[in-house]
2 protein chains.
Amino acid sequence: MPTSHPVVQLLLTGNEIMSGDTVDSNSAMIAQRLAELGLVIRRKVTVGDDQALLREEVSAISSAADVLIINGGLGPTVDDLTAQVLAEAAGVPLREHAGALAHLKQWCARRNIPLNDANFKQAMLPRGAAMIENLIGSAVGIQMELNGCLLICTPGVPGELRPMLDPIMETLSKRFGLSSRVEVVRLQTFGMGEATAQQIIDDGVEQWPESVALGFRAGAPQVEVKLTISGPSHRPELEYCKQRIHELLGSHIIGEGDIRLAQRVVELLRQQGKMLTTAESCTGGQIAAMLTGIPGASAVFQAGFVSYADQIKSSVLGVDQDVLAEHGAVSEPVARQMAQGAMAAAAADYAIAVTGIAGPDGGTEEKPVGTVWLAWGSREKLQTRCLCWPVERSLFQTLIAAAGLDMIRRSLLGVAGESHYFFQRGAGQIKVPGAE
Amino acid sequence: MPTSHPVVQLLLTGNEIMSGDTVDSNSAMIAQRLAELGLVIRRKVTVGDDQALLREEVSAISSAADVLIINGGLGPTVDDLTAQVLAEAAGVPLREHAGALAHLKQWCARRNIPLNDANFKQAMLPRGAAMIENLIGSAVGIQMELNGCLLICTPGVPGELRPMLDPIMETLSKRFGLSSRVEVVRLQTFGMGEATAQQIIDDGVEQWPESVALGFRAGAPQVEVKLTISGPSHRPELEYCKQRIHELLGSHIIGEGDIRLAQRVVELLRQQGKMLTTAESCTGGQIAAMLTGIPGASAVFQAGFVSYADQIKSSVLGVDQDVLAEHGAVSEPVARQMAQGAMAAAAADYAIAVTGIAGPDGGTEEKPVGTVWLAWGSREKLQTRCLCWPVERSLFQTLIAAAGLDMIRRSLLGVAGESHYFFQRGAGQIKVPGAE
């Protein structure tokens with residue numbers, strides 16, 4: 001079994017990628033999975049849906065590389081050319097593939113739609129090619145040999161590509177005698193930017209071990225901190241770094257792996273047997289949507305309220321009309337009463353309430369776009385906070401929704417303090433009347 | 001002045017792109033700007049920060065293309081190799097460039113930092129090369145000739161690349177005598193898959209004009225149909241195709257350009273001076289979040305309800321407990337009463353109500369995961385429909401939320417019938433009691 005690392009190249013196809021209509025995130029996904037086997041992509045070529053160009057690239061790359069992963073062009077439409085191109089490059093005809101046809105029939109049957117010509121096209125694979133199962137979509141993957149190179153064709157839809165990478169990694173691992181020696185720890189954080197996290201770690205760890213690679217991935221609203229080692233002999237250094245980062249970032253760490261803020265909140269509520277409700281104005285249902293996106297959320301979340309208008313804040317959540325008139329909808333007492341009203345209406349133990357100005361219109365000099373009051377906690381301990389986060393509307397909504405979830409996470413954990421974001425964006429200190 | 005279009009290729013460099021730590025959005029930005037001049041990128045190659053590989057690519061591509069745009073590798077660190085590679089490929093030395101040095105001195109002065117060695121490296125350009133101004137960062141762009149090809153080197157930081165593309169487009173426009181001639185029409189549709197849309201157009205248009213390029217972009221929940229022509233002389237064919245597609249896809253077309261379903265619904269409600277409310281169970285706030293994602297939504301959407309639990313359906317939305325007990329939460333009468341209750345509580349003219357089983361748990365033999373009852377319309381005309389869409393939870397939630405918005409869109413437009421999706425996924429016909 002060969003143990004030297006194979007040369008891997010990537011070929012991406014799609015007019016929508018060349019035109020810039022779509023940003024390619026698939027090659028990042030593929031690269032990350034390959035890294036688990038210690039493989040790096042040597043070179044990546046991207047071309048549009050052009051049959052001659054594609055054929056030329058397939059021929060050239062297959063002669064130079066040990067593995068060529070092709071992404072895109074497996075769909076049902078006329079501009080999906082991959083199978084055709086492979087057949088031409090290999091000098092074999094397209095044949096109906098029994099497994100692919102069975103997959104397509106089943107896929108159509110599950111959707112109660114007839115197998116049309118466009119879909120049937122997806123059952124035609126180059127003669128001699130094997131199919132790779134697509135657990136989600138209609139387009140099966142294709143695996144074949146050309147010029148001594150292993151060709152692997154994958155679908156362009158990210159949700160279909162993701163699960164297909166499991167059997168592909170297994171194939172590569174077997175064929176080239178690779179085993180995953182790389183170990184990765186990923187820590188999900190909320191409440192500080194990438195640069196801040198980097199600075200805190202740089203300042204806090206004097207002798208960072210060379211064997212541990214440190215990386216960051218900023219994705220609103222979370223920032224992932226990634227530690228990578230090349231093999232188990234470096235585990236002590238990995239453990240050391242992980243521990244130091246836990247000390248340095250502390251309560252900003254949500255958890256390990258892929259965990260999302262809402263998922264952690266649902267977990268904590270389940271463990272404590274508590275119910276949460278939401279009263280949202282400027283986030284307009286995003287907190288509820290984040291929570292109910294988690295399987296099993298119904299055990300801890302029974303009701304949410306989107307109270308965009310003042311009269312709904314009164315009629316549904318029982319916010320005092322005089323308070324609304326005196327303080328305005330974006331105010332501390334209104335956020336507080338929204339939370340209390342939601343807990344009463346939903347018979348919940350905890351609430352998150354949000355009232356603010358998402359923009360682009362609606363700001364005033366006193367309360368500019370980006371101003372928001374949050375209230376969170378239980379009947380016994382309801383806290384409030386004013387933030388000012390003047391960013392583009394949808395980012396504002398995402399960040400404020402996450403900020404609300406983060407504060408409930410901290411409450412449920414009994415963690416004192418607040419995130420860096422709050423410190424930076426705060427227009428007022430946290431208020432805890434019970435503690436005053 | 002030459003008028004034939006130059007062959008443009010792109011070379012991207014950066015280990016962070018190859019490893020997947022960074023997703024490349026720069027080439028999309030470049031492609032979109034090139035499209036304004038009617039230019040398409042023929043081929044894009046991406047490699048890591050590897051001097052030999054980069055030199056090889058620069059030599060090969062410059063011999064094949066009229067324009068090579070290089071992105072990345074202009075920074076101050078050791079792995080920024082572009083200038084060095086260009087000098088080697090051209091067989092010229094690196095020389096201190098007066099303009100680049102002046103730029104660096106000014107850049108450092110503005111930041112009150114000394115010009116260090118790392119930054120000074122950025123003033124060394126291949127002999128004979130011209131600089132392209134960087135309005136934001138320290139790294140100037142580089143422009144030079146190699147093998148009869150125009151080489152243009154741009155910085156990898158998106159915020160620095162963006163303004164630099166203005167003078168670059170001007171250079172290309174002058175050199176190749178180009179002006180913006182390409183015209184694009186994009187139609188947003190909901191209610192049929194990419195394959196179905198393609199099939200309907202294939203079947204419906206016998207003689208598709210060659211001058212009009214047809215493309216599809218599937219993005220849950222919408223599918224974009226894109227028509228492109230290379231210049232104004234093909235406008236009659238473009239108009240013809242657009243008209244035929246309107247006839248064929250009919251009410252599945254939401255609108256032109258970038259429009260989203262929720263945006264169209266907000267527009268229609270504004271035009272008609274009507275208010276909408278939502279009562280969501282399995283979509284958990286997603287419909288509300290889609291609506292409130294649209295600036296100005298507050299004029300037509302004042303309140304939404306997430307009623308995950310049965311008792312909330314009763315206490316907040318007034319759903320009859322006997323009806324709940326008899327028919328279950330996922331049933332036609334419950335969906336109907338949720339919509340009616342939401343309209344009453346929110347004093348709204350229209351409602352969308354959704355109650356279903358998002359999974360992965362909670363299904364039964366009679367009502368499997370993916371079963372959902374929708375109710376939509378006004379007090380006078382409230383329609384209901386059962387669908388069965390057994391897909392992964394988050395996709396289910398997105399598609400059902402969109403389906404609800406689409407039915408209100410159809411109601412507001414007075415459009416009869418339903419989408420292909422409903423036809424395929426339907427577990428029962430639309431019920432319009434008023435029409436029975």
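List the lysines whose Cα lies under 20 Å from the Cα of B:K381, skipping any in the same chain that are fewer than 8 positions away.
Within the straight-line cut-off, B:K381 pairs with B:K274, B:K431.
Copy-to-copy spacing for A:G128, label 7 Å out on the Cα-to-C-beta vector, in nm, shortest first?
Distances to the matching label points in the other copies: 4.7 nm.
Taking chain B as a Gaussian network, where each spring joins two C-alpha atoms under 10 Å apart, which residue of B:D66, B:D117, B:D202 fluctuates the most?
Maximum fluctuation in the GNM of chain B, among the listed residues, is at B:D117.
Excluding ligands, DNA and RNA, what is the accessible area buried between chains B and A, summed over both sides, using a 1.4 Å probe, to the nearest 100 Å²? Numbers along the way, then the final one.
Working: alone 19990 and 19860 Å², together 34850 Å².
Buried surface at the B/A interface: approximately 5000 Å².
Taking the highest mean first, how do the peptides A:350-356, A:369-375 order by number of other beta carbon atoms within 10 angstrom per residue?
In decreasing order of mean packing, A:350-356, A:369-375 become A:350-356, A:369-375.
Around B:D322, with a cut-off of 13 angstrom between Cβ atoms, what is the net charge of the other residues, counting Lys and Arg +1 and Asp and Glu -1?
In short, -2.
Report the GluC sites (Glu not before Pro) located in the range A:206-310 that are in a DSSP loop and have at most 12 other Cβ atoms inside 10 Å of their Cβ, or state none.
A:E206, A:E210
Can you return the lysines within cross-link range of B:K242? Criterion is Cα-Cα under 19 Å, with same-chain partners fewer than 8 residues away left out.
Filter leaves B:K226.
Just to confirm the number: angle between the C-alpha axis of helix A:26-36 and the first principal axis of chain A, 0 to 90 degrees, nearest 10?
Once rounded, the angle reads 80 degrees.
With the contact rule set at Cα under 8 Å and sequence spacing of 6 or more, what percent relative contact order holds for the range A:259-301? Write down the numbers at each step before the final one.
On the way: 29 pairs, mean separation 21.6, N = 43.
Here the relative contact order equals 50 percent.
Where does the charge balance sit around B:G75 when Lys and Arg score +1, Asp and Glu -1, over other residues with C-beta under 12 Å from its C-beta?
-4
Under a 10 Å cutoff between Cα atoms, tell me which one of B:D79, B:D21, B:D349 has the largest fluctuation in the Gaussian network model of chain B.
So, out of B:D79, B:D21, B:D349, the one fluctuating most is B:D21.
Name the most mobile residue of B:W107, B:W208, B:W376, meaning the one with the largest mean-square fluctuation, in a Gaussian network model of chain B with Cα contacts below 10 Å.
In the Gaussian network model the winner is B:W107.
Which whole-Hz ³J(HN,Hα) couplings does the range A:314-324 yield from phi under the Karplus relation 6.51 cos²θ - 1.76 cosθ + 1.60, θ = phi - 60°, glycine and proline marked x?
7, 5, 8, 9, x, 5, 5, 5, 5, 5, 4
Under 19 Å between alpha carbons, and skipping anything fewer than 8 positions from B:K105 in its own chain: which aspartates and glutamates qualify?
Cα-Cα hits under 19 Å: B:E96, B:D117, B:E133, B:E160.
Which pairs, out of A:K44/B:K174; A:K313/B:K313; A:K44/B:K121, put more than 22 Å between their alpha-carbon atoms?
Flagged as over cut-off: A:K44/B:K174; A:K44/B:K121.
Could you tell me the center-to-center distance, by alpha carbons, between the range A:245-290 and the range B:164-226 in angstrom?
41
Can you tell me, using C-alpha contacts under 8 Å and at least 6 residues apart, the relative contact order of the range A:338-384 as a whole percent? Let's see the in-between values first.
Values: 67 pairs, mean separation 16.6, N = 47.
Answer for the range A:338-384 is 35 percent.
Could you work out how far the C-alpha centroid of the range A:6-49 sits from that of the range A:104-156, in angstrom?
Answer, in whole Å: 20.
Residues with amide H under 5 Å of A:L11's amide H, sequence separation 5 or more or different chain, H placed in the peptide plane at 1.01 Å from N; which?
Sorted by chain and number, the residues that satisfy this are A:V45, A:I69, A:I70, A:N71.
Once the Cα atoms of helix A:51-64 and of chain A are each reduced to a long axis, what angle between those two axes, in degrees from 0 to 90 to the nearest 10, is obtained?
Helix A:51-64 sits roughly 80 degrees off the main axis of chain A.
In peptide A:11-21, what is the residue-averaged number of other protein chain Cβ atoms found within 10 Å of each Cβ?
Details: counts 0, 2, 0, 2, 7, 8, 5, 11, 12, 12, 11.
Whole-number average of other-chain Cβ neighbours for A:11-21 is 6.
Could you do me a favour and compute the accessible area per residue for the protein assembly as shown, 1.4 Å probe, result in Å²?
On a per-residue basis, the protein assembly as shown sits at 40 Å².
Rounded to the nearest 500, what is the 222 nm mean residue ellipticity of chain A from helices alone, with -39500 (n - 2.57) per DSSP H run of 4+ residues and division by all residues?
After summing the helix terms and dividing by the residues of chain A, the value is -12000 deg cm²/dmol.
For Cα pairs less than 8 Å apart in space and 6+ apart in sequence, what is the mean separation divided by the residue count of chain A, i.e. the relative contact order in percent?
Here the relative contact order equals 11 percent.
Determine the share of the protein assembly as shown's accessible area contributed by carbon and sulfur atoms, expressed in whole percent, with a 1.4 angstrom probe.
Looking at the protein assembly as shown in its full context, I get 50 percent from C and S.
To the nearest 10 degrees, how steep is helix A:332-346 against the longest Cα principal axis of chain A, on a 0 to 90 scale?
70
Whenever you get a sec, line up B:E145, A:E160 from highest to lowest accessible area (probe 1.4 Å, protein heavy atoms).
Ranked from most to least accessible, the order is B:E145, A:E160.
Where the label is 7 Å out from Cα toward Cβ, how close does A:A220 come to the same position in every other copy, in nm, shortest first?
2.2
To one decimal in nm, how far is B:G38 from the same spot in the other copies, if labels go 7 Å from Cα toward Cβ? Please give the shortest first.
5.4
The values are calculated or read from the model by the stated rules, or taken from the named source; none is laboratory data. Keep in mind that this is a model prediction, so the values were computed, not measured. So basically every Cβ, Gly included, is an ideal-geometry build from the backbone, and we count neighbours across all protein chains shown. All accessible areas refer to the heavy atoms of the entire protein, side chains included, with ligands and DNA or RNA removed. Shrake-Rupley method; radii C 1.70, N 1.55, O 1.52, S 1.80 Å.
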